[in-house]
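The structure appears below as structure tokens.
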Amino acid sequence: MTARTLNLDDSLYHYLLDVSLRETPLLKRLRDETQALPMARWQVAPEQGQFLALLVKLTGARRLLEVGTYTGYSALCMAAALPDDGSLICCDIPGDYNATARRYWQEAGLAGRIDLRLAPALDTLGELERQKQGGQFDLVFIDADKANYPTYLEHALRLLRVGGLAVFDNTLWSGRVLEDNPESADTRAIQALNRALKDDARVDLSLLPLGDGLTLCRKK
Ligand code: CA
């Protein structure tokens, strides 16, 4: 027994998946297809997708926002967990992978719930604020360009309702958060976000070592 988070070796990680992952055949097919793409590492871990779906149900979220969608795995997990009148706005830039996302959403019968907006996410988020969507979202999942993470936090806090949840992926960044004076702007931005969140009185906080690190911030 240990009073700290366990370090999962391969066999324990596979056990975790074996006894808890409920991935549908469609999600598995999407994950396999994505694994063959050059930027496959942009996809969330399957246990993260399942956790996001659980968060949607736990919080009763109806209006979701995703920043960084790629081939649509996390969006598909979250959209499937929404009630019938729920909706998800996805932000991504134009790429070959947009069509993959749309194809799987269509096949799942969930395309009607998902609005994919192809533009720099900062433009889409700013537009939502200008359209008086501030305070209208229940959950925001952020898994896009890391250099903008601190800026995405500010947008998320404006767009979320009180009690809404911002979820950031890759906050442990394969351990690179431990680097001193990193050259990578992405690493510096994640470090800055993590440090700033520690004392950010606007949110309740938990950093889960799930996947590559998943930080949950509840807007107070
Ligand atoms: Ca990610």
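Before moving on, here are some points about what is shown:
- Calculated from backbone phi, Karplus (6.51, -1.76, 1.60) coupling profile of region 202-217 in Hz, x at Gly/Pro: 7, 9, 8, 9, 8, 9, 9, x, 9, x, 9, x, 10, 9, 9, 10
- Lys, Arg +1 and Asp, Glu -1 on Cβ, resulting dipole of the chain about Cα centre, debye, nearest 20: 720 debye
- Extension gain, Asp123 back to Leu17 (0.36 nm per residue minus Cα-Cα distance, nm): 34.4 nm
- With contacts taken as Cα pairs under 8 Å and at least 6 residues apart, region 16-126 reaches a relative contact order of 24 percent.
- Percentage relative contact order, the chain, counting C-alpha pairs under 8 Å, at least six apart: 16 percent
- The heavy atoms of Arg176 present about 90 square angstrom of accessible area, all protein chains included, probe 1.4 Å.
- Note on region 10-219: Cα-Cα pairs beyond 22 Å make up 47% of the total pair count.
- For the pair Leu205 and Ser87, a Förster radius of 30 Å applied to the C-beta separation gives a FRET efficiency near 0.65, rounded to the nearest 0.05.
- Taking all protein chains as shown and a probe of 1.4 angstrom, Trp105 keeps an accessible surface of around 10 Å².
- Cα-projected label distance for Glu33 with Thr2, points at 7 Å along beta-carbon direction, nm: 3.8 nm
- Note on Lys198: lysines with a C-alpha under 19 Å away, same-chain residues under 8 apart excluded, are Lys146, Lys219, Lys220.
- For Ser174 and Arg41, the difference between the fully extended length at 0.36 nm per residue and the C-alpha to C-alpha distance is 46.7 nm.
- Taking Ser206, Ser11 and ordering them by how much accessible surface each has at a 1.4 Å probe, largest first, produces Ser11, Ser206.
- Using θ = phi - 60° in the Karplus curve 6.51 cos²θ - 1.76 cosθ + 1.60, the 3J(HN,Hα) couplings for region 37-49 round to 8, x, 9, 3, 5, 6, 7, 5, 6, x, 5, 6, x Hz; x is entered for Gly and Pro.
- In the chain, taking the dipole from charged Cβ atoms about the Cα centre, the farthest positive-side position among Val167, Pro94, Thr2 is held by Val167.
- Beta bridges by DSSP in the chain, antiparallel share as percent, to the nearest 5: 35 percent
- Relative to the 2.2 N^0.38 Å rule of thumb, region 42-96 has a C-alpha radius of gyration ratio of 1.09.
- On the chain, 53 percent of the accessible area sits on carbon and sulfur atoms, based on a 1.4 Å probe.
- With a 1.4 Å probe rolled over the protein heavy atoms of all chains, the accessible area of Glu183, Glu33, Glu66 falls in the order Glu183, Glu33, Glu66, largest first.
- A straight line joining the Cα centroids of region 8-24 and region 155-220 runs 25 Å.
The values are calculated or read from the model by the stated rules, or taken from the named source; none is laboratory data. Note that this is a predicted model, so its numbers are computed, not measured. Note that we place each Cβ from the backbone using ideal geometry, even for glycine, and neighbour counts take in every protein chain shown. Heavy atoms of the whole protein, side chains included, go into the accessibility calculation; ligands, DNA and RNA do not. Shrake-Rupley method; radii C 1.70, N 1.55, O 1.52, S 1.80 Å.
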